[in-house]
1. As a test question: what accessible area, to the nearest 10 Å², does S64 have when a 1.4 Å probe is rolled over all protein chains in place?
2. Amide H neighbours of R100 under 5 Å, at least 5 residues apart or on other chains, H built in the peptide plane: list them.
3. Which ³J(HN,Hα) values in Hz, rounded to whole numbers, follow from the phi angles of the range 30-44 under the Karplus curve 6.51 cos²θ - 1.76 cosθ + 1.60, where θ = phi - 60° and Gly and Pro get x?
4. Tell me whether the range 51-119 comes out rounded, prolate or oblate; compute the Cα gyration tensor, take square roots of the eigenvalues as a ≥ b ≥ c, and use a/c under 1.5 as the rounded threshold.
5. So, by mean Cβ neighbours within 10 angstrom, what's the order for 32-38, 65-71, 44-50 with the highest one leading?
6. Take the cross-link list K30/K167; K78/K134; K95/K151; K30/K104 and give me the ones stretching past 29 Å between alpha-carbons.
7. In the range 143-187, what is the volume of the convex hull around the alpha carbon atoms, normalised per residue and reported in Å³?
Amino acid sequence: MANEFSKISDILDTSVQASNRFGQAFEKSKTCSMFFSFWKDVVGKKFEKLSIPYELKGSILFVSAASPAVIQELNFFKKEIIEKYTPYADGLELKLTDIRFDYKNWGSIKAQLLNDAKSDKTFDTDTPDYYTQKDYEKIGLDNSEKADFDKLKNTLENVKSLPPQLKEKMFNNALNQYKAKKLRQKP
């Protein structure tokens, strides 16, 4: 009988460890999604449709681009892009030291992005233009959601390198993206 209990406890330990790993992976994925969503603010209209960040390994951001010509131009501005993107990284407690561009996977990443836009994925981070501030104000948050956003606000407030306006913009973007997702889920 002692063996049965030890087996159950082993199963519970494994389950708890798996749950913790899932939670950490979920948080990292959510943070990266938010980080990627600021790409268009950093590179502007010219490059937002020609390049897509798709992975953050350590402190290196991987970005897919539409062509070698786009890569060449982005490489020309790489230092400036890193400087403009760093406050966003700091605000999310990420580190950004380099960006690597490629074009070989552009088609598959662009297709995946289009598929994600068509379906309501968990990590969908777009904030549709057709939602107004009044729409967002109608969406309430439960206590756990409020606690999560309070934690995000505190995290942003503790980042000394970010100007107050950027902290506020990052917080409002995250909140509106979350509320937009809730709006899309309403029947």
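1. Roll a 1.4 Å probe over it and S64 shows about 0 Å².
2. Amide H neighbours of R100: L61, F62, V63.
3. With coefficients 6.51, -1.76 and 1.60, one gets 5, 5, 5, 4, 5, 4, 5, 5, 8, 3, 4, 5, 7, 8, x Hz.
4. Oblate, because a/c is 1.5 or more while a/b does not exceed b/c.
5. So the peptides 32-38, 65-71, 44-50, ranked by packing, come out 32-38, 65-71, 44-50.
6. K78/K134
7. About 55 Å³ per residue, rounded to a whole number.
The values are calculated or read from the model by the stated rules, or taken from the named source; none is laboratory data. Here the structure is a predicted model, which means the values were calculated and not measured. Cβ coordinates were reconstructed from backbone atoms using ideal geometry, including for glycine residues, and neighbour counts include every protein chain displayed. To get the accessible areas, we keep the full protein, side chains included, count just its heavy atoms, and leave off ligands, DNA and RNA. Shrake-Rupley method; radii C 1.70, N 1.55, O 1.52, S 1.80 Å.
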